[in-house]
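Worksheet: the structure to be examined is printed underneath.
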Amino acid sequence: MAQQRLIGRREFLRRAAGATAWLAGAGTFFDPPATAAPAASSKSAAPDLVLALTASPGETQILPLPGKPTAVWRFTARVLKGEGASVRPSPGGYLGPTLRLKKGQRVRIEFDNQLPDPAIVHWHGLHLPEAMDGHPRYAVGPGKPYVYEFEVINRAGSYWYHPHTHGITGRQIYMGLAGMLLVSDEEEQDLRLPQGESDLPIVLQDRAFGRDNQLAYISGEGNVDRAGSGMMGGGGMMGGGMMSGMMGFLGDEIFVNGRRNTVFPVASRAYRLRLLNASNSRIYRLAWGDATPLTIIATDGGLLERPERRAAVTLAPGERIELFADFSDRSVGATLAMRSLAFEDPMGGMMGGMMRQGKLPSGAAFDVFRIRVDRRDGRSARLPERLSALPRLKEEEAVNFGSPRVFRLAMGMMRWGINGRTFDMDGVADDEIVKLGTSEVWEFANDASAMMAMPHSMHLHGAQFRVLDRMSSGRRTELRESLLDAGLKDTVLVLPGERVRILAPFSRYTGLFPYHCHMLEHGDAGMMRNYSVRA
Ligand code: C2O
Ligand code: CU
Ligand code: CU
């Protein structure tokens, strides 16, 4: 394993100052173009918050003793200037710390790549200038820094951060590189939702282990290599393995906040639970184990107008939901499970067969985590019936109202693609150019053939959109029945046979932004494209 190197701040700044030298360096795919300068808007004022964020190899005892510790990659962060509470470590596992930002804050993040891989960090859901967004073309090599400077313009919500290195994002996130990024604003603070200890980030992932307690991922042959000695010495996944690997990775057990068998000890009061599906390819159908309805207060882009009550909610890779969970009438000692309910696997034909293998196949029912009431708390909390005013987004105002821009999701020539094209680092096609200051209707068409029925979790950088509707040629299924398309979204699940229309605004920043499937193996195998926002 690579030796972890910790560098001092002085050394970091020296390297960052020398950035222009390496920008002009060898023209490998991960060298950033020469435009990697802070956005003009943030040059004017000193940042309110300065963080140091490092990605480095480490190890953690995630499987019980006397087993060996597991090699992982992890984010660590420190506050260099500003409120100490902006970084909250996630103890006991591999997960990165939770970052807490405020709307309007000017933030500087000094990223230090101490991995043996190139890497770049993407702030999933935040609306940022291109050079701050973590596009794979800005990836920096081992030992290199990348400095982010931006203003937080998003509304309050549960966002997240993860590497976005082309072709190996799935492996890098799998090794442990992910964390939540929470934004707060005044509208949200006025609601007096549960705070502090009662506001829990809950990150859902699945993992598989091979020999010596080491993480098993997809091998060069395209299979999950449970027999191998882990992934640290293994070859890369550049270009993304073969068939079964490309269908999407499924682990054998569930990890929550980087730990297995996660139990949250709570007091008998109300909680705000922020759930993120940071799994590589697994879809969850979440429900309380005792059939209490879920009270959903937010989706990807922040608070809903009003709470939604649902028996179950589908959560696809990349998506978030926030729950209001009131445990005030539960007694000390009571436990409650968050389940993923069984569903008919949406993958048909030959591909479906592959996803139905393994210890925890797609669509299996299982416990995701447990809540245990371990102390009394007299406080009762009231959830307001009106939560937020959503930004106005009207379909009739779209520049292409009535004739959506269609994106066909399919696999051809053994690679995933969008409109028959795979990812091209700097490339953008004529039909992928949008105009700054407009909004558009986009349609994701997942016209399933019998062999290739596969769900896709479609994500846009640079925009929070509204889901307008879904048309389907297929039958009603459990998964479809529990989809929640409310609020602002940056990721939307498109089931086989569906056409999903979204309304996306392109505001504030010009530049090149990715849109892709957030089933990480699909994205790494080419199901990603750029769109360009032009003035
Ligand atoms: Cu969370 Cu481009 O991804
Ligand atoms: Cu993103
Ligand atoms: Cu996909």
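The values are calculated or read from the model by the stated rules, or taken from the named source; none is laboratory data. Since the model is a prediction, treat every value here as computed from it, not as a measurement. Every residue, glycine as well, gets a Cβ built from its backbone with ideal geometry; the counts of neighbours run over all protein chains shown. Heavy atoms of the whole protein, side chains included, go into the accessibility calculation; ligands, DNA and RNA do not. Shrake-Rupley method; radii C 1.70, N 1.55, O 1.52, S 1.80 Å.
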Which of the lysines could be linked to Lys489 by a straight reach, that is with a Cα gap under 25 Å, when you skip same-chain ones fewer than 8 residues away?
Lys102, Lys103, Lys394, Lys435
Please compute the volume of the convex hull spanned by the alpha-carbon atoms of the range 404-535 and report it per residue in Å³.
101 Å³
Among residues other than Pro194 whose Cβ falls under 13 Å from its Cβ, what is the net charge (Lys/Arg +1, Asp/Glu -1)?
0
Could you sort Lys144, Lys81, Lys68, Lys359 by their accessible area in this structure, using a 1.4 Å probe and putting the largest first?
Lys359, Lys68, Lys81, Lys144
Alpha carbon centre of the range 378-435 versus the range 132-161: separation in Å?
20 Å
So, over other residues within a Cβ distance under 11 Å of His164, counting Lys, Arg +1 and Asp, Glu -1, the net charge is -1
Heavy-atom accessible area order for Val87, Val256, largest first, 1.4 Å probe:
Val87, Val256
Distance in nm between pseudo-label sites at Val263 and Arg476 (7 Å out along the Cβ direction from Cα):
3.9 nm
Column: log10 I(q)/I(0), Debye, Cα scatterers of the range 254-367, q = 0.20, 0.22, 0.24 Å⁻¹
-1.21, -1.39, -1.54
Size of the dipole of the range 110-180 about the Cα centre, Lys and Arg at +1 and Asp and Glu at -1 on the beta carbon, nothing else charged, in debye to 20?
240 debye
Mean-position separation - Cα centroids, the range 481-496 and the range 83-115, in angstrom:
28 Å
If I model a spin label as a point 7 Å beyond the Cα along the Cα-Cβ vector, how far apart are those points for Arg78 and Lys359 in nm?
3.8 nm
Is the C-alpha gyration tensor of the range 87-222 telling us rounded, prolate or oblate? Criteria: a/c under 1.5 is rounded; beyond that, a/b larger than b/c is prolate, otherwise oblate.
oblate
Find how much the distance from Asp485 to Arg211 grows on full extension, using 0.36 nm per residue of separation minus their present alpha carbon separation; answer in nm with one decimal.
94.5 nm
For the range 382-502, size of Cβ-based charge dipole, Lys and Arg +1, Asp and Glu -1, in debye
380 debye
Straight-line reach from Lys68: which aspartates and glutamates have a Cα under 13 Å away, not including same-chain ones fewer than 8 places off?
Glu59, Asp212
In nm, what is the difference between 0.36 nm times the number of residues separating Asp424 and Asp252 and their Cα-Cα distance?
58.6 nm
Short version: ³J(HN,Hα) in whole Hz for each residue of the range 93-101, in order, from phi by Karplus 6.51 cos²θ - 1.76 cosθ + 1.60 (θ = phi - 60°), x for Gly and Pro, what are they?
x, 9, 5, x, x, 7, 9, 10, 10
Rounded to the angstrom and largest first, Cα extents along the principal axes for the range 45-158 equal 51, 30, 24
